[in-house]
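Computed from the coordinates by the stated procedures, all read-outs in this text should not be read as laboratory data. Values in this document were obtained by computation on a predicted structure and should not be read as measured data. Glycine also receives a Cβ, built like all others from the backbone with ideal geometry; neighbour counts cover every protein chain displayed.
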Amino acid sequence: MGKRKPKKSGKESTRTTTTQKIDLISNLPDFLLFHILSFLPTRCAMATSVLARRWRHLWKDLLVLDLDNSEESPYYLSGGRDRFIAFVDSVFAQRTASHVEKLRLTCEIPIDKRKSSKTWFRSVVGPHLKELYLDLSLHHNKGYGRVKLPVKVLTSTSLESLVLRGRMYLAVYEGFGWVRLPSLKNLELDLDCVDPNYVICSCRALENLKLTLREAFPTKSWETAELHMPRTLKRLTLIQADTEEDLNDIQELAINTPLLEYLSITLWARCLQVSISDDYPNMVEAHLDIDQDQEQVGWVLELFKALRQTKLLDLKLSTMECLLRASPFELPEFSRLVNLELEIPYFDSGFMIELLHNCNMLQVLTLHNREKVSTLELEEPNYWKLPMKDPDCVISHLKIFEFKGYQDSADEHAFAAYLLERGPILETMKIHAEPSLGRKYKKRIHKELSRVPRSSKTCQLKVIT
């Protein structure tokens, strides 16, 4: 009989299993390891060099660099800006890859280290660069300055995604010519001294644009306050930053983008002349937070009508006030609308019923009443009138109704009760009672609505303060 092999101890067995797992990963081909490491911040990718001999130099051949030293980053390097600059310098000095395809760089550059940034740009900008994310500022004793962005970035034929944030300026001078970014599909600009049209007009293939407007314009670098959106856009986000200084008037805003699928506008600068598409047939989601003077509310109304094909519509308080200030108009028919979110200055059941009649496919309705609660106890008029015909969405599609800022007015109560009585497929009604009403009043609201007979046997009623 042969001798039995001695059994391995628990620790030895665990060690063998762990070693096998490490070997399984290490035995993967290089291209898979590069793909895995490309999702890690560069500091983490470098740390894998201690795992085994095979991993020692892998990170040096990565084509993706993620160098983020913002305070929000979990990999923030404490010890001053100079330490991070030295770290980035060492990364570029040790790399053996011939080029970079993706770079994310977020940091503050000391004024005496400007040469380092120039070296980084020379190493990165080239015919293979596809994605570039820069959030940079120049730091000196008097505060912050701006980092000069190389002209080559704006003439890259390979660049597909460009994000510019922080304090940077473009090297624009008379006679330079147009920016050339023929392959760019994604562009995000959050700079305070750049004419966005200068960049946008050259992007013939642009599909996604996110533009943040800061400080007053026109400025020396932006002599005409005009915004012309490329017709190729599928997603547009236009944001006016919340700064102490108001923006000057926008002389012309053009959103002739018939392919648009997503639209988000946050804007209160006056737009003197606006041109929009008559229709956005591909629209899926639209968010509007627009405030305009009485003279300019007309274009807000036209945009509202043009969004009749969207599936989700979110109108903030300022936008609703613009629509209510406009001359009387016929509500468009939202034939594909599934989700509607409205912030309203006051509740009007007549308007809501009329709107629901024009939203035949609506499944989710969210209202937020922003009206201030009066401290005076006045006799409240009842505006509720039972509709002669139930809206199609109420009896066939509406599943979720949420009411924020509910003040339990007679009109509000009657509307909520109507949906409970006539909504056979209603699944959830969530009422957020105005906090000033108190808990006792909340119980009263719940008790009164619970007494209403429900058309849907599965509808859940929730009252929240």
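For the stretch 27-131, the alpha carbon positions stretch 45, 32, 22 Å along the principal axes, listed from largest to smallest.
What percentage of all Cα-Cα pairs in the chain are separated by more than 36 Å? So the pairs more than 36 Å apart make up 50 percent of the total in the chain. Put the Cα centre of the stretch 402-422 next to the Cα centre of the stretch 58-89 and the gap is 54 Å.
Relative to the longest principal axis of the C-alpha atoms of the chain, give the angle of the C-alpha long axis of helix 10-26, reported between 0 and 90° and rounded to the nearest 10°. Once rounded, the angle reads 90 degrees. Shape class of the stretch 260-394 from the alpha-carbon gyration tensor: oblate, with a/c at 1.5 or above and b/c at least as large as a/b. Helix content alone sets the calculated 222 nm mean residue ellipticity of the chain: runs of n ≥ 4 DSSP H residues at -39500 (n - 2.57) each, divided across all residues, give -7500 deg cm²/dmol.
Say the cut-off is 32 Å between C-alpha atoms; which of Lys305/Lys457; Lys130/Lys305; Lys234/Lys462; Lys185/Lys311; Lys148/Lys234; Lys102/Lys404 go over it? Violating the 32 Å limit, Cα to Cα: Lys305/Lys457; Lys130/Lys305; Lys234/Lys462; Lys102/Lys404.
In loop segments of the stretch 407-464 as defined by DSSP, there are no GluC sites (Glu not before Pro) with at most 13 further C-beta atoms inside 10 Å of their C-beta.
Think of the chain as a dipole: +1 on every Lys or Arg Cβ, -1 on every Asp or Glu Cβ, centred on the Cα centre; then among Gln460, Asn282, Leu51, Leu51 lies furthest on the positive end. Taken about its Cα centre, the chain carries a charge dipole of about 4040 debye when Lys and Arg each add +1 at the Cβ and Asp and Glu each add -1 at the Cβ.
Between 0 and 90 degrees, the angle of helix 297-306 with respect to the longest Cα principal axis of the chain falls at about 80 degrees. Once the Cα atoms of helix 438-450 and of the chain are each reduced to a long axis, what angle between those two axes, in degrees from 0 to 90 to the nearest 10, is obtained? The angle comes out at about 70 degrees.
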